[in-house]
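Trainee: Take this structure, written in structure tokens, and hold onto it; I'll ask about it next.
The values are calculated or read from the model by the stated rules, or taken from the named source; none is laboratory data. Since the model is a prediction, treat every value here as computed from it, not as a measurement. So basically every Cβ, Gly included, is an ideal-geometry build from the backbone, and we count neighbours across all protein chains shown. Just the protein is used for accessible areas: all its heavy atoms, side chains included, with ligands, DNA and RNA removed. Shrake-Rupley method; radii C 1.70, N 1.55, O 1.52, S 1.80 Å.
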Amino acid sequence: MDFDTPLRQGTLIRRYKRFLSDIELPGGEEITVHCPNSGSMRGCSTPGSPVCFSRSDNPGRKYPHTLEMVHNGKTWIGVNTSRTNQIVAEAIEHGQIKELRSFDVMRKEIKTSEGSRLDLLLETAGERTYVEVKNCSLVENGVALFPDAVTKRGTKHLKELERLVECGSRGVIFFLVQRIDCDCFSPASAIDPEYGTTLVQVHRNGVEILAYQAQVTPHSIEVTKSLPVKLDG
């Protein structure tokens, strides 16, 4: 995924109220930008970090700028979770995800039951593959971890995938790790024990787990390779 217009750079002053961040521009001006990330951004919201942000021309937005990525001193980290589905969908369409290459039609934001939606549906010859996509920005000791905060909604998605597998469909939970300083993926059970336990359970019942790494730069975000998945049980 290439950015349509060049990103601007600045320095993170603080992230607060969950969806806001203050940034200092190179000339010293301070602006407030939208932070489209509902997680804790643990490990990638340190004041003083270099950041990149985009600008929207939508006149209805209170904050026209959007935080896109943060540099932790080693690598750029993609934190705009509203882009994650697009990045993964493009990678699937371009044949970069070897486990998801065979399909005829891709549909997005699919209602699967009352109150439940999943990100992608791949259809071919009457077979259905449901894919739920999660953005992973937390790395500790070389291990990519999800979630970075308790996520009841994420656990609900896992159980919905499990239900669909029981009904004869294929179910995939896809973790996009938007940073390159890690070697494998694991559930963050220390942060959300229920999510970690549920991930192991649904995997045993047929839900597939895919983790892929992305190279994040101020110009583009590109899926590069798969990562080994290490579960707790």
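Trainee: Return the residues of segment 73-90 that are touching a residue at least 40 places away in the same chain (Cβ under 8 Å), open to solvent by 20 Å² or more (accessible area, probe 1.4 Å) and not hydroxyl-bearing (Ser, Thr, Tyr); say none if nothing qualifies. Break it down stepwise before answering.
Mentor: First, the residues of segment 73-90 that are touching a residue at least 40 places away in the same chain (Cβ under 8 Å): 74-88, 90.
Still in the running and open to solvent by 20 Å² or more (accessible area, probe 1.4 Å): 74, 76, 81-83, 85-86, 90.
Lys74, Trp76, Arg83, Asn85, Gln86, Glu90 - these are the residues of segment 73-90 that are touching a residue at least 40 places away in the same chain (Cβ under 8 Å), open to solvent by 20 Å² or more (accessible area, probe 1.4 Å) and not hydroxyl-bearing (Ser, Thr, Tyr).
Trainee: While we're on this one: Out of the residues in segment 134-153 meeting the condition of being of a type in the set (A, V, I, L, M) and open to solvent by less than 10 Å² (accessible area, probe 1.4 Å), tell me which one is farthest from Val70 (Cα to Cα).
Mentor: Only one residue tops the list, namely Ala144.
Trainee: Further question on the same structure: Output the residue which, of all residues in segment 154-188 that are among the β-branched types (Val, Ile, Thr) and open to solvent by less than 10 Å² (accessible area, probe 1.4 Å), is farthest from Leu118 (Cα to Cα).
Mentor: Val177
Trainee: Just checking: which of the strands (runs of 3 or more DSSP E) contained wholly in segment 1-117 hold 1 or more residues that are charged (D, E, K, R) and either over 26 Å from Glu132 (Cα atoms) or within 21 Å of the chain's Cα centre (by Cα) (or both)?
Mentor: So the answer is 8-16, 20-24, 30-34, 50-55, 65-71, 105-113.
Trainee: Further, regarding this structure: So Pro147 clears everything in (1) more than 27 Å from Gly43 (Cα to Cα); (2) at pLDDT 95 or above except one condition, right? Which one?
Mentor: Of (1) more than 27 Å from Gly43 (Cα to Cα); (2) at pLDDT 95 or above, only one is false for Pro147: (1).
Trainee: Take the conditions at pLDDT 95 or above, in a strand (DSSP E or B), of a type in the set (S, T, N, Q) and surrounded by 17 or more Cβ atoms within 10 Å (Cβ to Cβ) and apply them to Thr129. Does it pass? Quick ask: steps written out before the conclusion?
Mentor: Working: at pLDDT 95 or above: yes; in a strand (DSSP E or B): yes; of a type in the set (S, T, N, Q): yes; surrounded by 17 or more Cβ atoms within 10 Å (Cβ to Cβ): yes.
Taking the combined requirement at face value, the residue satisfies it.
Trainee: Please count how many residues of segment 197-228 are under 17 Å from the mean Cα position of the chain (by Cα), over 21 Å from Ser82 (Cα atoms) and open to solvent by less than 10 Å² (accessible area, probe 1.4 Å).
Mentor: Residues flagged as under 17 Å from the mean Cα position of the chain (by Cα), over 21 Å from Ser82 (Cα atoms) and open to solvent by less than 10 Å² (accessible area, probe 1.4 Å) within segment 197-228 amount to 1.
Trainee: Which condition from (1) closer than 22 Å to Arg117 by Cβ; (2) out of contact with any strand residue (DSSP E or B) (no Cβ under 7 Å at 6 or more places or on another chain); (3) open to solvent by 10 Å² or more (accessible area, probe 1.4 Å) is the one that Asp192 breaks?
Mentor: (3)
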